[in-house]
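The values are calculated or read from the model by the stated rules, or taken from the named source; none is laboratory data. Computed from a predicted model, the values in this text were never measured in an experiment. Using ideal geometry, Cβ is built from the backbone for each residue, glycine included, and neighbour counts are taken over all protein chains shown.
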């Protein structure tokens, strides 16, 4: 079951909006760059866990996230099932052991692990994709054959749909960099080259 709702862009491109489960990273990038509109263009509903809500509030994005909750674009999953909690712990430990992980303490990876566990359990949320930026978490999610996209990938999709220009994408990623998000120069150059190849 897909929960598609269509969006008509200014360029007369019809976009099927989908349901997602998100970790905090992509949402923080959205807030940093002021591009909440991209969430509304591409997603009909986004689920986050209570621990991720707590992380966003700690990162001073309380107003932004609660506005989206009030608008019913974002729904907070307050309680995980016993199976989802157990799976989250195992996934968090896997992320912590990954060579690209920024911390070996698995507890620090629980928020993204909970998002992955929700997606992997294929519950009645009917999510089509999981939003993840952190490399170690993305690779663990890929091992579970989950459909994954990060904020840079979302920008690239918006570029291909002619919603964003190459320069706008570059500016957005640079803003996130300046705000402390770890998007490498190599990643940014790769995104720009992919955009140029579409010309």
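Tabulated data
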read-out	value
Selection count where residues are closer than 14 Å to residue 43 by Cα and either assigned by TED's automatic domain parsing to the domain that holds residue 31 or surrounded by fewer than 13 Cβ atoms within 10 Å (Cβ to Cβ) (or both), scope the stretch 156-183	0
Scope the stretch 97-133; condition over 27 Å from residue 45 (Cα atoms) and surrounded by 20 or more Cβ atoms within 10 Å (Cβ to Cβ); matching residues	101
Hits in the stretch 34-46 (condition: in contact with a helix residue (DSSP H, G or I) (Cβ under 7 Å, 6 or more places away or on another chain) and crowded, with 18+ Cβ neighbours inside 10 Å)	35, 38, 39, 42, 46
Count of the stretch 124-137 residues which are in contact with a helix residue (DSSP H, G or I) (Cβ under 9 Å, 6 or more places away or on another chain) and either closer than 19 Å to residue 18 by Cα or in a helix (DSSP H, G or I) (or both)	9
Residue 57 vs. criteria farther than 21 Å from residue 182 by Cα and loosely packed, with under 14 Cβ neighbours inside 10 Å	no
Filter result for residue 71 (under 19 Å from residue 144 (Cα atoms) and surrounded by fewer than 18 Cβ atoms within 10 Å (Cβ to Cβ))	no
Qualifying residue in the stretch 118-128 (condition: on the phi > 0 side of the Ramachandran plot and not assigned by TED's automatic domain parsing to the domain that holds residue 27)	no
